[in-house]
Amino acid sequence: MRFGVVIFPGSNCDHDCIHVLRNVLAQDVVELWHGDSLLDDVDCVVLPGGFAYGDYLRAGAVAATSPIMPSVKSFAASGKPVLGICNGFQVLLEAGLLPGAMLRNQSLQFRCRQVLMSVESTKTPFTWNLREGQILQMPVAHGEGNYFAPKDLLDDIERQVVFRYAEDANPNGSARFIAGVCNKAGNVVGLMPHPERASEAILGSTDGRLIFEAVIEYVTSRSRVPALPRSRAEALR
Amino acid sequence: MRTLSPSTLSPEAVGLTRSEYDEIVRRLGRDPTPLELQLFGVMWSEHCGYKHSKLTLQSLPSSAPHLLQGPGENAGVIDIGDGWAVAFKMESHNHPSAVDPYNGAATGIGGIIRDILSMGARPIALVDSLRFGPLTDPKSRRIATGIVAGIAAYGNCVGVPTVAGEILCDPGYRDNPLVNVACLGLLRHNRIARSRAAGPGNPVLYAGARTGRDGIGGAAFASEELHEASEHEDRASVQIGDPLAGKLLIEATLEALGTGDVVALQDMGAAGLTCATSEMSARGGVGMIIDLDRVPLRETSMRADEIFRSESQERMLLVVRSGSENRISSIFRRWGLQAAVIGYVTADRELRVEYRDSPVVSLPPYALAEAPAYRPAACEPPELAEQWIMPDVLPTVDPGSALMSLLRGSDVAAKRAVFEQYDHMVQIRTVVPPGGAGAAVLRIHESPPKAVAITVDGNGRLCALDPYRGAKLAVAEAAANLACVGAESLGATDCLNFGNPEDPEVFWTFRQAVMGITDACRALQIPVVGGNVSFYNESPEGLVPPTPVVAMVGLVRDVAQIATQSFKTEGDVVVLLGSSAPDLAASYFLELIHGLSRGRPTDVDLTTHASILAAVREAIVSGLVRSAHDCSDGGIAVALAESAIAGRVGVAVTLPYDHRAEVALFGEAPSRVVVSVSPDRLPDLQILAANHGGIELVVLGRIGGSRLSIAGPDARPMIDLSIEEMSDAYESLREVFS
């Protein structure tokens with residue numbers, strides 16, 4: 001299948017994602033330049049980690065307005081898979097493709113370390129063949145990964161929580177230990193931990209590969225992901 | 001605004017002496033203009049001109065069969081085989097970090113990254129060696145946390161992982177911290193870039209960020225002692241970094257180099273355009289004509305001298321093939337950077353600078369670029385030998401609580417609270433992360449299964465007591481750190497931090513340290529590919545301890561065959577390789593527990609050292625040992641504790657030493673490595689040791705349980721501590737840095 005990895009000025013995990021997708025998982029990868037607007041017929045868009053536009057203003061804020069983003073939004077609206085990793089997650093939040101916002105880490109410092117997280121939802125193209133409650137190990141590396149949403153919204157999106165830091169492993173103070181969320185349809189997923197840093201045994205974990213392999217199998221076998229059950233708020237409406 | 005006229009500008013006003021002024025007149029055949037004199041002031045500053053050090057540095061060994069570029073360029077380059085090479089260099093950013101810890105450290109990172117980039121290499125790792133005052137002191141705490149935050153802010157954003165480093169504290173660094181940063185880059189053999197300008201008519205292209213008024217006179221400010229008002233007066237000499245621009249400059253420059261149309265390039269660091277234009281033309285034996293009106297400026301109304309001397313960050317100067325300037329410029333613009341042709345290479349060996357259509361500078365580039373060299377007076381500090389006398393008796397201490405104190409001590413304690421603030425994994429090369437071993441290991445996935453290892457080492461405590469032996473020990477320890485992950489040393493880069501070289505005692509100390517590095521590197525056959533000298537590390541409180549720091553790079557042929565320091569498997573046998581006798585002289589134990597900086601450091605026997613390191617490397621590469629850790633600060637007790645803490649497993653050992661408990665446990669001696677081996681492979685290890693010139697091998701005990709128990713030769717228990725309590729002590733820096 002064909003991945004598109006978006007390159008913003010200041011993306012610094014772009015080459016890492018490309019390496020894993022191309023050399024480890026033998027997939028087609030195209031680089032999508034932030035200043036272009038075409039997605040070049042890709043099957044999945046990855047927004048990599050880094051410091052897009054230096055994270056000046058706010059993490060992800062400037063990148064969310066770059067020329068490529070309208071195409072990413074329509075790609076997402078068509079139900080195709082979009083993955084935001086770390087800074088890519090922050091961009092998706094700023095672009096309004098995912099709910100909530102990122103605050104600075106509770107420590108007010110950057111944190112780079114291995115974490116354990118559990119799979120909370122298998123109703124996304126990136127987790128559909130994993131087990132709910134499955135524990136994955138991969139690193140985090142961020143200064144603004146403290147996920148925030150008001151209580152109502154947190155209740156509302158409870159079923160959109162895709163990953164949660166394991167107990168005692170919350171590296172940033174995230175509300176309800178949230179490490180990753182998806183949109184209502186489930187096709188857009190953002191997570192703070194770095195699966196591309198955990199895709200080769202030599203780097204200490206291959207759990208990150210599971211996330212990429214899930215979407216590869218999803219696309220190539222045209223698997224159907226069970227729809228997310230409606231949230232409580234929707235049901236009430 | 002202060003105007004320049006010959007009457008207001010004396011040589012002293014730009015930091016030069018009368019005789020240096022006479023030398024300028026001799027080289028030019030006339031008096032320099034005030035602007036020219038300012039350029040000489042900055043280029044002949046110690047920071048740019050190395051005038052007090054370059055004759056001494058000539059003794060450093062700088063050749064090796066695998067060396068592709070030695071000293072004299074922006075960084076050294078060493079072959080790692082299969083068409084790949086690594087570039088590396090270390091630099092200091094001490095003075096800016098004393099005045100403005102955050103920005104000073106951040107721009108130190110940016111600067112060394114661009115040196116590596118100038119060689120055509122992609123920067124793949126950073127290591128830093130930091131010195132602070134005691135972390136209990138409020139000022140030192142502020143400086144230390146500011147420096148760490150600055151390194152994190154720049155390094156994380158620019159996307160180069162910080163993979164190793166060291167932090168050592170001493171009251172002598174309270175007002176003058178040291179920030180030494182090394183960068184490692186990866187490149188193809190045939191893509192080495194250099195800074196020799198060539199080809200008359202070729203355009204000189206300015207690329208990167210705009211030029212502003214920041215950092216003017218930074219090189220000159222780094223070439224004098226810090227004084228009480230430095231923190232306020234010199235702030236304008238500190239540059240402000242922009243890591244995003246730094247990151248874009250990496251990508252754009254590598255892309256530009258890929259076109260094959262870049263003839264030469266150099267970053268604009270100290271002394272900015274002045275340095276880049278004069279050094280590039282001097283190295284190429286050509287001239288340049290530069291039009292300052294074409295330099296992209298951050299603010300209008302900058303004077304010619306400000307534009308030409310500005311040390312604004314994230315700028316490169318390129319000489320490109322005539323006709324390619326638009327194509328190269330568009331690469332930089334596509335990355336959101338400035339690009340402008342500001343001049344041309346000329347054949348006549350004259351550097352001409354114009355401003356507002358008038359010539360403002362016209363001189364031979366070598367005259368500027370090659371500062372005079374001095375051999376300053378040297379005199380051994382008379383009180384040095386007195387400090388070698390050890391006290392007859394030391395108060396008795398409980399070994400267990402002493403070990404806990406050592407583990408808590410800032411020099412030994414885990415640096416986790418610091419390195420977790422750095423992205424040490426980006427670029428997905430980090431196989432052995434910081435804290436995993438004495439050296440970091442980075443896989444080279446472009447050329448599997450190769451990896452490179454990098455480490456940094458220096459010890460001001462030892463060098464203050466004996467600069468020759470201390471510097472030798474720094475080289476020996478760096479090499480040991482590489483061997484303990486299974487790497488062969490390829491080359492070294494050094495940062496030499498001393499006081500005012502015009503003080504004969506300081507200069508003697510400097511010279512001794514250079515001799516120590518020279519002798520050690522020669523004996524171990526490690527070329528020194530370049531480095532940096534930082535003099536004038538003084539404040540009103542006094543001199544910093546003499547601190548030569550060595551960063552060393554090694555090659556791992558197969559990344560699957562490496563070791564780390566953690567004990568791995570219960571039941572494994574713990575073995576000590578090496579027989580040098582532990583000694584409390586100049587030890588960390590003596591300093592931390594007894595408050596004494598006394599005794600003469602050991603003169604490391606480099607022949608023995610080399611054979612032990614070769615044995616350790618072979619044992620690792622052949623898969624015999626499962627962990628390796630050299631004994632350093634805090635002696636064998638700390639080495640055992642660190643391996644146990646890292647492996648989260650206990651160990652019970654008996655030490656072979658007949659010495660008093662604290663000497664056996666905490667005494668220091670080089671060339672001692674603690675390894676662990678499965679019991680069935682022990683005979684193979686014994687054969688290996690015998691084959692390496694009969695290295696002494698002592699079985700100390702076995703891994704198991706959850707306690708560290710150390711007994712003396714008479715089986716008398718000396719230490720019995722739980723791994724949990726030791727881990728807790730070992731993480732003491734959490735309270736400082738998180």
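We did not get these values from a lab; they are worked out from the coordinates using the rules stated. Just so it is clear, the model here is predicted, and its values are computed rather than measured. Cβ atoms come from the backbone with ideal geometry, glycine included; neighbour counts cover every protein chain shown.
The table for this structure:
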| read-out | value |
| --- | --- |
| Cα shape, the stretch B:423-554, gyration tensor, a/c 1.5 rule | prolate |
| Å³ per residue enclosed by the Cα convex hull of the stretch B:517-628 | 180 |
| Stretchable slack from B:Thr300 to B:Asp137, in nm (0.36 nm times residue separation minus alpha-carbon distance) | 54.3 nm |
| Antiparallel DSSP beta bridges within the protein assembly as shown, as percent of all bridges there, nearest 5 | 75 |
| Within chain B, helix-based [θ] at 222 nm, where runs of 4 or more DSSP H residues each add -39,500 (n - 2.57), nearest 500 | -10000 deg cm²/dmol |
| Residue-averaged beta-carbon neighbours from other chains (10 angstrom radius) around A:192-204 | 3 |
| Mean residue ellipticity (222 nm) of chain A, computed from DSSP H runs ≥ 4 via -39,500 (n - 2.57), nearest 500 | -5500 deg cm²/dmol |
| Residues B:Thr259, B:Thr654, B:Thr547 arranged by fewest to most Cβ contacts within 10 Å | B:Thr259, B:Thr654, B:Thr547 |
| Values of log10 I(q)/I(0), in the order q = 0.16 Å⁻¹, for the stretch A:116-160 under a Debye, Cα-only, solvent-free model | -0.60 |
| Shape category assigned to chain B from the gyration tensor of Cα positions, a/c cut at 1.5 | prolate |
| Packing-based exposure ordering (other Cβ within 10 Å, fewest first) of B:Lys415, B:Lys472 | B:Lys415, B:Lys472 |
| Surrounding net charge for A:Ile68, when Lys and Arg each add one and Asp and Glu each subtract one, Cβ distance under 12 Å | -2 |
| Among B:628-641, A:134-147, the order from most to least packed when residues are scored by Cβ within 10 Å on average | B:628-641, A:134-147 |
| Mean separation of Cα contacts under 8 Å (6+ apart) over length of the stretch A:2-236, as relative contact order % | 19 |
| In Å, descending, principal axis extents of the Cα set of the stretch B:563-738 | 43, 37, 37 |
| Radius 14 Å from Cβ of B:Gln561, net charge of other residues (Lys, Arg +1; Asp, Glu -1) | +2 |
| More than 46 angstrom apart: percent of Cα pairs within the protein assembly as shown | 30 |
| DSSP-defined antiparallel bridges as percent of all bridges, the stretch A:2-236, nearest 5 | 60 |
| Inter-chain Cβ neighbour average for residues B:333-342, partner chain, 10 Å | 1 |
| Rg to Rh quotient for the stretch A:1-151, alpha carbon positions, Kirkwood Rh | 0.95 |
| Cβ-based exposure ranking for B:Arg315, A:Arg131, in which fewest neighbours within 10 Å come first | A:Arg131, B:Arg315 |
| For the stretch B:409-440 versus the stretch B:373-408, the gap between their alpha-carbon centres in whole angstrom | 29 |
| Overall form of the stretch A:49-90 per C-alpha gyration tensor (a/c, 1.5; a/b vs b/c) | oblate |
| Stokes-Einstein D (µm²/s) once Rh is taken as the Kirkwood radius of the stretch B:1-87 over alpha-carbon pairs, at 37 °C in 0.692 mPa s | 206 |
| Check: the stretch B:501-602 dipole with +1 on Lys, Arg Cβ and -1 on Asp, Glu Cβ, in debye | 340 |
| Of A:Lys73/B:Lys247; A:Lys123/B:Lys247; A:Lys80/B:Lys247; A:Lys184/B:Lys247, pairs whose Cα-Cα distance is over 29 Å | A:Lys123/B:Lys247; A:Lys80/B:Lys247; A:Lys184/B:Lys247 |
| If the convex hull is drawn through the Cα atoms of the stretch B:441-515, its volume per residue in Å³ | 95 |
